[in-house]
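> Take a look at this one; I'll ask things after.
The values are calculated or read from the model by the stated rules, or taken from the named source; none is laboratory data. Bear in mind that the values here come from a model prediction, so they are computed numbers and not experimental data. Positions of Cβ are backbone-derived with ideal geometry, glycine not excepted, and every protein chain shown enters the neighbour counts. Side chains included, ligands, DNA and RNA excluded: accessible areas come from the protein's heavy atoms. Shrake-Rupley method; radii C 1.70, N 1.55, O 1.52, S 1.80 Å.
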Amino acid sequence: MQNKIITVQNLVKNYGTFQAVKNISFDVIQGEIFGLLGPNGAGKSTTLEIIETLREKTSGKVIVDGFDLDIHPNEIKKIIGVQLQSSGFYPGLNLLELINLFSGLYNRDVNAMELLQKVNLVDKAKAKSKELSGGQKQRFSIATTLINNPKIVFLDEPTTGLDPQARRNLWELIKEIKSNGTTVILTTHYMDEAEQLCDRIAIIDEGKIIKLDTPDGMIDELVATGFERPKQVKLANLEDVFINLTGKQMREE
Ligand code: ADP
Ligand code: MG
């Protein structure tokens, strides 16, 4: 039996007269990586932030781990990990101090060095967040989502703006989070990221879900319609060439 850890039914979000989310419904299965894939302005962040209890919905029903968003938002807050924008980190504190601060807020006893180890930032324990590269900042902000030992982690465009090595490194980290049994829901506008990382994807455009399936299921369905790529498919792409030339190891440290 697949356990639905998130259920979204007929979700609507209006900003004034503009409808950003247009009556969408989907479930997230416990333990999967679920992706909301869509262009800028599609309504991904709005949807995510409503489920995270950070934004009011206009109408619809959201259940997270059995808790109704309208009745038990505080119960939901206790079991989720939300990625903060790095601009929200106190500039005067180093990474160890920040983790200790958040552990205090969550009332959790966390081994800060162990957590930094998990995201490969032990060397930066005494660094301030503004001294980190883009990839390191993202890894650190993902680490902060894990402090509360959450059942579900929410990541809003975790790899936007990162170079290919840092992106791959982050994909590994997200897969590791899943391998510990944590459910991940993320947004992305990168096709390769959705295909590599997600067990299931909802393609969202102009506030509507236009497709929901596994990446393979979507590709098979398209191929079954007789679709063929106009050019013969090459066995590698330019990103493969780039990674092959420059290596997979991180460049920023
Ligand atoms: P995405 O994350 O997919 O890029 P968003 O959820 O951020 O999309 O935004 C969806 C739409 O709602 C966009 O057209 C955006 O301009 C609009 N929008 C987002 N937040 C607000 C807001 N606070 N007030 C008015 N419109 C907003
Ligand atoms: Mg967004």
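> If I go through region 212-253 residue by residue, how many of them are surrounded by 12 or more Cβ atoms within 10 Å (Cβ to Cβ), part of a loop (DSSP other than H, G, I, E, B) and among the polar types (S, T, N, Q)?
Residues flagged as surrounded by 12 or more Cβ atoms within 10 Å (Cβ to Cβ), part of a loop (DSSP other than H, G, I, E, B) and among the polar types (S, T, N, Q) within region 212-253 amount to 1.
> Need a quick list: helices (runs of 4 or more DSSP H) entirely within region 1-108 having at least 2 residues that are in contact with a Lys or Arg (Cβ under 8 Å, 6 or more places away or on another chain) and either surrounded by fewer than 18 Cβ atoms within 10 Å (Cβ to Cβ) or at negative phi (or both).
Qualifying helices (runs of 4 or more DSSP H): 44-51, 95-106.
> Sticking with this structure for a sec: Which of the residues that make up region 178-194 are more than 16 Å from ligand 1 (Cβ to nearest atom) and modelled with pLDDT of 95 or more?
178, 179, 181, 182, 183, 184
> Right, here's the next one. Specify the residue that is nearest to ligand 2 (Cβ to nearest atom); the eligible residues are those in region 144-160 that are assigned to a loop (DSSP other than H, G, I, E, B) and open to solvent by less than 30 Å² (accessible area, probe 1.4 Å).
158
> For a quick check of your reading of the model, give me the residue pairs whose first member lies in region 134-146 and is modelled with pLDDT of 90 or more, whose second is crowded, with 22+ Cβ neighbours inside 10 Å and of a type in the set (Val, Ile, Thr), with beta-carbon atoms closer than 6 Å and at least 6 apart or on different chains.
If the second residue must be crowded, with 22+ Cβ neighbours inside 10 Å and of a type in the set (Val, Ile, Thr), the pairs left are 139/119; 143/119; 145/153.
> Then there is this: Here are some conditions: (1) more than 16 Å from ligand 1 (Cβ to nearest atom); (2) within 26 Å of residue 203 (Cα to Cα); (3) hydrophobic (A, V, I, L, M, F, W, C). Residue 82 meets all but one. Which one does it not meet?
For residue 82, the failing item is (1).
> Ok, one more. Can you find even one residue in region 161-178 that is part of a helix (DSSP H, G or I), of a type outside the set (Gly, Ala, Ser) and within 16 Å of ligand 2 (Cβ to nearest atom)? Break it down stepwise before answering.
Initially, region 161-178 is screened for residues part of a helix (DSSP H, G or I), giving 164-178.
With the extra rule that they be of a type outside the set (Gly, Ala, Ser), the set shrinks to 164-165, 167-178.
This time we only want the ones that are within 16 Å of ligand 2 (Cβ to nearest atom), so: none.
No, the conditions are met nowhere in region 161-178.
> A follow-up question, please. Mind checking which pairs have a first residue in region 38-56 that is in contact (Cβ under 8 Å) with a residue 24 or more places away in the chain and more than 12 Å from residue 82 (Cβ to Cβ) and a second that is part of a helix (DSSP H, G or I) and within 13 Å of ligand 2 (Cβ to nearest atom), Cβ under 6 Å, 6 or more apart or different chains?
Within 6 Å, the pairs are 38/44.
> Here's another thing I want to ask about it. Check 140, 154 and return the single one that is hydrophobic (A, V, I, L, M, F, W, C), under 27 Å from residue 30 (Cβ atoms) and over 13 Å from the mean Cα position of the chain (by Cα).
On the way: 154 fails: over 13 Å from the mean Cα position of the chain (by Cα).
Criteria check complete, one pass: 140.
> Of the residues 69, 54, 98, only one is within 14 Å of ligand 2 (Cβ to nearest atom), out of contact with any Asp or Glu (no Cβ under 8 Å at 6 or more places or on another chain) and not basic (Lys, Arg); which?
One residue alone meets the criteria, 54.
> Moving on. One residue is enough: does region 11-18 have a residue meeting the conditions among the hydroxyl-bearing types (Ser, Thr, Tyr) and either free of Cβ contacts under 8 Å to residues at least 24 places away in the same chain or within 16 Å of ligand 1 (Cβ to nearest atom) (or both)?
Looking through region 11-18, at least one residue is among the hydroxyl-bearing types (Ser, Thr, Tyr) and either free of Cβ contacts under 8 Å to residues at least 24 places away in the same chain or within 16 Å of ligand 1 (Cβ to nearest atom) (or both).
> Also, I was wondering about something else. Would you mind stating whether residue 185 is assigned to a strand (DSSP E or B), open to solvent by 30 Å² or more (accessible area, probe 1.4 Å) and touching a residue at least 24 places away in the same chain (Cβ under 8 Å)?
no
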